[in-house]
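Participant: Quick one: the structure is below, and I'll ask about it shortly.
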Amino acid sequence: MLYSPLNYQGNKSRIVDRLLSLLPQDVSSVHEVFCGSAVFSFASAVNRVYLNDINIHITDLIRYFHENDANDIIEQADNIIRQYGLTNTFYEGKNRYPEHGHEGLSRYNKAAFNRLKADYNIDKDVAKLFVLSIYGFNHYIRFNSKDEFNVPVGKIDFVKTLRDKTRAYCSVIRNKEMIISNYDFRSEELYCGVEKTAVYYFDPPYLITQAPYNLFWTEKEEADLLSLIDGLNADGYRFILSNVIESNGKQNELLCGWMKKYNVKHIYRQYLNSNYQKKNKSNADEVAITNF
């Protein structure tokens with residue numbers, strides 16, 4: 001199992017082993033069209049991966065991890081943490097800093113985090129973005145219409161588990177042959193000249209869930225994606241589509257009707273949605289749909 005140090009919302013770390021069990025043995029390359037932190041591609045045994053995401057900031061982070069040694073990345077992060085006066089319980093212990101109930105370390109880190117955020121929004125230093133993702137609320141990587149990072153401070157800091165994830169993630173992805181792009185999923189460039197032994201993996205925003213990164217995804221995008229996948233199938237390409245057909249009493253009727261012509265594997269999934277006041281668990285009927 002591979003976990004990303006980015007803890008990118010919507011990533012497939014918890015179910016990636018079950019998804020990878022669906023991959024055929026003769027796969028020459030994986031094309032991940034909504035890659036996020038690309039856990040699926042990186043955890044696979046396939047060496048050549050094509051990663052696409054319209055979020056250029058997440059692909060900048062992937063390049064950063066691919067091109068740099070994990071120890072150097074961690075050292076850069078610690079230098080930034082020290083420079084801005086953020087908490088570092090890994091070295092100094094939890095008792096060094098006051099925590100405030102359910103707010104954790106957020107009250108202590110708020111001013112320093114906001115200074116770091118302001119500086120990053122000017123210089124766009126990817127190392128600073130990594131630290132912001134660590135200290136930001138729920139580890140979100142989110143930008144406003146002005147391309148400014150706008151996530152508030154979170155509760156924790158650069159703990160041992162995140163450092164371990166950084167080393168494990170880097171050790172895997174640095175051995176991959178990786179091509180990155182930032183196209184809309186409908187762009188022809190993603191589907192031209194691809195060998196038939198490839199597999200396309202689609203993990204789009206989920207139409208019926210409420211995560212912040214899903215807000216722009218409408219029935220129009222959903223229908224466009226399903227039509228595109230039908231076209232790939234007609235042309236002899238293989239695909240895996242991850243999605244949710246039911247969540248919190250809502251059902252994706254469009255997807256339920258469409259998937260009947262393909263193979264469907266149900267994957268039980270429990271989602272944890274948290275804020276500073278409470279944590280809510282919701283069950284979802286997550287599916288992996290394939291044409292092989």
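For (1) assigned to a helix (DSSP H, G or I); (2) farther than 20 Å from THR161 by Cβ; (3) assigned by TED's automatic domain parsing to the domain that holds LYS124, each residue gets a yes or a no:
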{"position": "PRO24", "(1), (2), (3)": "no, yes, no"}
{"position": "SER28", "(1), (2), (3)": "no, yes, no"}
{"position": "SER37", "(1), (2), (3)": "no, no, no"}
{"position": "VAL46", "(1), (2), (3)": "no, yes, no"}
{"position": "ILE73", "(1), (2), (3)": "yes, no, yes"}
{"position": "ASP78", "(1), (2), (3)": "yes, no, yes"}
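Per-residue answers, yes or no, for (1) crowded, with 22+ Cβ neighbours inside 10 Å; (2) small (Gly, Ala, Ser); (3) touching a residue at least 60 places away in the same chain (Cβ under 8 Å):
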position: GLN25; (1), (2), (3): no, no, no
position: PHE42; (1), (2), (3): yes, no, yes
position: ASP60; (1), (2), (3): no, no, yes
position: ASP69; (1), (2), (3): no, no, yes
position: GLU75; (1), (2), (3): no, no, no
position: GLY85; (1), (2), (3): no, yes, no
position: THR89; (1), (2), (3): no, no, yes
position: ASN95; (1), (2), (3): no, no, no
position: PRO98; (1), (2), (3): no, no, no
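Participant: Which residues, counting only those in segment 277-292, are at pLDDT 80 or above and more than 23 Å from the chain's Cα centre (by Cα)?
Facilitator: ASN291, PHE292
Participant: So, one more: Kindly indicate the residue of segment 123-146 that is among the small types (Gly, Ala, Ser) and not in a helix (DSSP H, G or I) and also nearest to the chain's Cα centre (by Cα) among those meeting that condition.
Facilitator: Applying the filter and picking the extreme gives GLY136.
Participant: Can I ask one more? Here are some conditions: (1) hydrophobic (A, V, I, L, M, F, W, C); (2) free of Cβ contacts under 8 Å to residues at least 24 places away in the same chain; (3) closer than 16 Å to TYR84 by Cβ. CYS192 meets all but one. Which one does it not meet?
Facilitator: (3)
Participant: Further question: Taking segment 147-160 only, how many residues are surrounded by fewer than 18 Cβ atoms within 10 Å (Cβ to Cβ) and not in a loop (DSSP other than H, G, I, E, B)?
Facilitator: Result for segment 147-160: 1.
Participant: Return the pairs, sorted by first residue and then second, in which the second residue is of a type outside the set (Lys, Arg) and assigned to a helix (DSSP H, G or I), the first residue lies in segment 216-239 and is within 18 Å of LYS250 (Cα to Cα) and in the same structural domain as TYR201 (by TED's automatic domain parsing), the beta carbons are less than 6 Å apart, and the residues are 6+ apart or on different chains.
Facilitator: GLU222/LEU254
Participant: Return the only residue of SER187, SER247, SER274 being small (Gly, Ala, Ser), modelled with pLDDT of 95 or more, surrounded by 12 or more Cβ atoms within 10 Å (Cβ to Cβ) and not assigned by TED's automatic domain parsing to the domain that holds LYS155.
Facilitator: When all the criteria are applied, what remains is SER187.
Participant: So which of VAL151, VAL172, VAL199, VAL159 is closer than 30 Å to LEU86 by Cα and touching a strand residue (DSSP E or B) at 6+ places or on another chain (Cβ under 6 Å)?
Facilitator: VAL151
Participant: Looking at (1) crowded, with 19+ Cβ neighbours inside 10 Å; (2) modelled with pLDDT under 95; (3) not in a loop (DSSP other than H, G, I, E, B), which one does LEU116 not meet, given that it meets all the others?
Facilitator: Only one criterion is unmet by LEU116, namely (2).
Participant: Yes or no: segment 112-130 includes at least one residue that is within 22 Å of HIS100 (Cβ to Cβ) and of a type in the set (Val, Ile, Thr).
Facilitator: Within segment 112-130, not a single residue is within 22 Å of HIS100 (Cβ to Cβ) and of a type in the set (Val, Ile, Thr).
The values are calculated or read from the model by the stated rules, or taken from the named source; none is laboratory data. No experiment lies behind these values; they were computed from the predicted model shown. Note: ideal-geometry Cβ built from the backbone for every residue, glycine included; neighbour counts use all protein chains shown.
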